[in-house]
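The values are calculated or read from the model by the stated rules, or taken from the named source; none is laboratory data. Worth saying up front: this structure is predicted, and the values here are computed from it rather than measured. Every residue, glycine as well, gets a Cβ built from its backbone with ideal geometry; the counts of neighbours run over all protein chains shown. Only protein heavy atoms, including side chains, enter the accessible area calculation; ligands, DNA and RNA are left aside. Shrake-Rupley method; radii C 1.70, N 1.55, O 1.52, S 1.80 Å.
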Amino acid sequence: MLTKVETVAFQGIDVVPVTAEVHIASGGLPNFSIVGLADKSVAESKDRLRAAFNSIGLALPAKRITVNLAPADVLKEGTHYDLPLALGLLSSMGIFPGQMLEKTIVMGELGLDGKIAPVAGILPAAVYANQKDCAFICPAIQGGEAAWSGNKNIFAANSLIELIQMFKGEFTLPVPHPEKIENSSNMPDMKDIKGQEGAKRAAEVCAAGGHNMLMVGPPGAGKSMMAARIPSLLPPLTAKEILEISMIHSVAGLIKEGKLLAERPFRSPHHSASMPALVGGGQKAKPGEISLAHKGVLFLDELPEFSRTTLEALRQPMETGTVSVARVNLHVTYPAQFQLIAAMNPCRCGYLGQQGHECSRAPRCGEDYQARISGPLLDRIDMHISVSAVAPWDLANTSEGECSAVIAERVAEALDIQRKRYIEYGIDNNAKASGAILEKTVKLSDKAQQILIQAAEKMNLSARGYHRILRVARTIADLAHSNQVEFGHIAEALSYRQMSYKR
């Protein structure tokens with residue numbers, strides 16, 4: 001009396017096949033054991049199964065029940081093993097033939113009343129089932145999410161009873177359809193920002209090249225408003241990006257009502273966030289904020305208030321576009337191609353450089369406050385801009401500024417130029433171009449080359465800092481549709497690199 005049911009485990013967003021082997025044997029005292037490196041949530045499934053079976057009028061046989069989750073050396077975490085174990089038991093009890101579960105991957109959590117509850121990771125599991133030409137059984141509420149995989153054999157059930165009736169030929173489950181993706185019409189718009197023309201221009205350059213940016217200014221200057229509107233300048237997600245982002249959110253259990261993400265993520269964690277929350281990890285090695293911001297924007301407000309170790313953990317993902325979470329028995333890698341937008345006050349009180357508002361420790365308070373951010377991290381941020389307080393006449397101005405849609409058109413044109421330039425290198429914007437690629441693709445005028453060398457010497461730039469100025473200048477040239485980087489482009493790029501907020 002052995003039944004095998006196929007399910008999955010997750011290592012990051014990668015799917016690992018798992019076989020649930022259910023064996024019922026006579027002789028000896030009744031017992032129910034689960035083996036195969038299962039965690040606490042899997043071990044507790046036997047109690048949920050017993051209650052769910054009782055609720056539909058069945059009882060577990062008074063025999064020795066052994067469940068093996070193979071391969072036994074892969075850690076099994078999560079409640080999605082409930083349903084495959086239940087179907088394996090039902091088949092072993094003779095409720096329906098085990099052959100009906102062949103070439104079928106099963107996921108779902110069981111409630112005590114026999115209802116099937118949603119679980120994390122449905123989308124990547126459904127994609128995997130489609131690749132392996134397998135049917136897929138999942139909770140009804142997540143049928144729309146699974147349907148995005150393109151799998152034509154998806155069975156989304158509300159309860160265990162529905163599945164039993166389906167296997168007996170007494171009931172037909174409705175075919176799930178992909179939930180419609182709707183773009184939000186409430187995305188913040190650049191036209192809402194009064195004044196701050198220099199900061200708006202910097203935001204446009206930042207979006208047009210995929211650059212990281214740090215904004216420094218007093219409280220109330222509009223730094224958070226500016227950051228929240230940068231996603232409105234970015235191009236729409238492609239179908240591939242939608243699927244990639246949604247798979248990360250699916251593993252994290254953040255897909256609601258089966259609807260995939262239609263907009264670029266904007267993640268804004270509080271400065272009290274721990275390293276596992278930001279980078280990923282924890283008990284189940286879940287994706288962190290930097291992975292949830294993949295292909296979107298990660299906004300860190302009050303940057304110096306984050307812990308030093310947490311900020312330093314961003315350095316490697318900012319360079320590689322991936323983050324590796326290592327645990328004793330697990331090592332997973334998540335994608336993390338995010339655009340970092342950070343904001344900070346010039347000092348703890350926030351008014352360094354404003355006569356009459358500075359605290360008694362100025363300028364030392366500003367130096368101490370800014371020293372919380374390490375040089376290597378600052379070196380990885382392409383643009384450093386100073387955001388001054390909004391002038392009263394700008395606040396009184398009732399006319400609207402340039403809207404996000406108009407700026408987004410220019411950004412899209414610049415990004416299209418970059419995609420064509422780097423197509424043979426497999427990258428799509430200037431921020432991802434290595435020094436070697438820049439040397440091959442970027443042409444500078446003689447005056448531009450001269451000022452760049454002089455600035456590098458005067459500012460004591462590292463090789464990374466030198467190339468970051470070159471990347472920003474190339475983006476400014478792309479916005480101007482210029483094939484060559486000119487003197488003015490380098491000058492503007494240098495203005496975004498100077499630490500002008502320091503006294």
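For the stretch 308-337: of the residues being on the phi < 0 side of the Ramachandran plot and of a type in the set (G, A, S), which is least open to solvent (accessible area, probe 1.4 Å)? Step by step, filter the stretch 308-337, then rank; the result is A336.
Criterion applied to E241, E305 was being at pLDDT 90 or above, in contact with a His (Cβ under 6 Å, 6 or more places away or on another chain) and surrounded by fewer than 22 Cβ atoms within 10 Å (Cβ to Cβ), and the one residue passing it is E305.
The set of residues in the stretch 264-287 being buried (at least 20 other Cβ atoms within 10 Å of the Cβ) and outside any strand (DSSP E or B) consists of R264, P265, P269, L278, V279, A285. Consider the stretch 110-165 and keep the residues that are in a helix (DSSP H, G or I) and among the charged types (D, E, K, R). The one that is surrounded by the fewest Cβ atoms within 10 Å (Cβ to Cβ) is E162. On the basis of being buried (at least 17 other Cβ atoms within 10 Å of the Cβ) and not in a helix (DSSP H, G or I), does R497 make the cut? Criteria met by R497.
Close Cβ contacts (under 9 Å, 6 or more residues apart or on different chains) running from residues in the stretch 288-314 that are touching a residue at least 24 places away in the same chain (Cβ under 8 Å) and in a loop (DSSP other than H, G, I, E, B) to residues that are open to solvent by 40 Å² or more (accessible area, probe 1.4 Å) and of a type in the set (G, A, S) comprise G288/A277; G288/G282; D301/S224; D301/S268; F306/S272; S307/S272; S307/S274.
Counting only residues that are in a helix (DSSP H, G or I), hydrophobic (A, V, I, L, M, F, W, C), more than 21 Å from E145 (Cβ to Cβ) and open to solvent by less than 30 Å² (accessible area, probe 1.4 Å), the stretch 87-109 holds 3 of them.
Within the stretch 308-333, the set of residues being among the aliphatic types (A, V, I, L, M) and under 15 Å from G281 (Cα atoms) comprises A313, L314, V323, V325, A326, V328, L330, V332. Is it fair to say L340 is aliphatic (A, V, I, L, M), closer than 22 Å to D379 by Cα and in contact (Cβ under 8 Å) with a residue 24 or more places away in the chain? Yes; evaluated as a whole, the condition is true for this residue. Checking each residue in the stretch 183-204 for being open to solvent by 20 Å² or more (accessible area, probe 1.4 Å) and in contact with a helix residue (DSSP H, G or I) (Cβ under 6 Å, 6 or more places away or on another chain) picks out M187, P188, D189, K194. Here E241 meets each of (1) in a loop (DSSP other than H, G, I, E, B); (2) acidic (D, E); (3) without any contact (Cβ under 8 Å) to a residue 60 or more places away in the chain with one exception, condition (1). If the condition is being open to solvent by 50 Å² or more (accessible area, probe 1.4 Å) and assigned to a helix (DSSP H, G or I), then the stretch 394-416 contributes L395, A396, A405, V406, E409, R410, E413, D416.
For the stretch 50-64, the condition of being over 25 Å from C134 (Cα atoms) and open to solvent by less than 10 Å² (accessible area, probe 1.4 Å) holds for at least one residue. The residues in the stretch 390-429 that are in contact with a helix residue (DSSP H, G or I) (Cβ under 8 Å, 6 or more places away or on another chain) and among the β-branched types (V, I, T) can be counted, and the count is 4.
Note on the stretch 333-361: residues that are small (G, A, S), in a loop (DSSP other than H, G, I, E, B) and modelled with pLDDT of 70 or more amount to 2. A single member of V22, V74 is among the aliphatic types (A, V, I, L, M), part of a loop (DSSP other than H, G, I, E, B) and open to solvent by less than 30 Å² (accessible area, probe 1.4 Å), and it is V74. Only residues that are touching a Gly at 6+ places or on another chain (Cβ under 8 Å) and closer than 18 Å to S388 by Cα were counted in the stretch 225-240, giving 0. Screening the candidates A126, A140, A156 for the property of being closer than 15 Å to M247 by Cα and either at pLDDT 95 or above or of a type in the set (A, V, I, L, M) (or both) yields one hit, A126. The sole residue among A252, A228, A207, A221 that is crowded, with 24+ Cβ neighbours inside 10 Å and closer than 30 Å to P376 by Cβ is A207. Of the helices (runs of 4 or more DSSP H) that lie entirely inside the stretch 427-483, those containing 1 or more residues that are under 16 Å from L494 (Cβ atoms), at pLDDT below 90 and out of contact with any strand residue (DSSP E or B) (no Cβ under 7 Å at 6 or more places or on another chain) span 446-458, 463-479. When P231, P235 are screened for being at pLDDT 90 or above, part of a loop (DSSP other than H, G, I, E, B) and within 26 Å of I417 (Cβ to Cβ), only P235 passes. Cβ separations smaller than 6 Å between residues 6+ apart or across chains give the following pairs from the stretch 420-439 residues that are closer than 20 Å to I381 by Cβ to residues that are outside any helix (DSSP H, G or I) and at pLDDT 90 or above: N429/G210; A431/G210; A431/H211.
Before we move on, is P30 under 31 Å from the mean Cα position of the chain (by Cα), of a type outside the set (D, E, K, R) and surrounded by fewer than 16 Cβ atoms within 10 Å (Cβ to Cβ)? No. Summed over the stretch 168-194, the residues that are in contact with a Ser or Thr (Cβ under 9 Å, 6 or more places away or on another chain) and on the phi > 0 side of the Ramachandran plot give a count of 0.
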